[in-house]
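Novice: The following block contains the structure, expressed as structure tokens.
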Amino acid sequence: MSKMAEFDAAEPGVRSRKLESLFLDYGRVLLLGGAVIVVYAVGNPASDGVQVQGVLGLLLVICGALLLMLSPVAHKLVPGYVV
């Protein structure tokens, strides 16, 4: 069962924790992926498109950090969501 299917099937009290868990999981993935891309771009300056890779990596890092910071208040960000 996917994480979103588990979220839809959960009770309201559990949904808040699951939503926070989703934000944390996806934030970690974006943060790690962005960091890998940035390290690759910095370590391989002779490759084509290194600037694009660096910018893409930084954007992923920023998006991941944003999700991690917003995870404690994730239940307030979903419209129509009641805990």
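Each value in this text was obtained by applying a stated rule to the coordinates, not by laboratory testing. What you see is a predicted model; the values in this text were computed from it and never measured.
Novice: Got a sec to turn the phi values of the range 24-35 into Karplus ³J(HN,Hα) couplings, 6.51 cos²θ - 1.76 cosθ + 1.60 with θ = phi - 60°, whole Hz, x for Gly and Pro?
Specialist: Ordered by residue, 3J(HN,Hα) equals 5, 4, 5, x, 5, 5, 5, 5, 5, x, x, 5 Hz.
Novice: Write down the Å³ per residue value for the convex hull defined by the alpha carbon atoms of the range 13-72. Could the numbers behind the result be given before it?
Specialist: Details: hull volume 3.0 nm³, N = 60.
In the range 13-72, the Cα convex hull volume per residue is 50 Å³.
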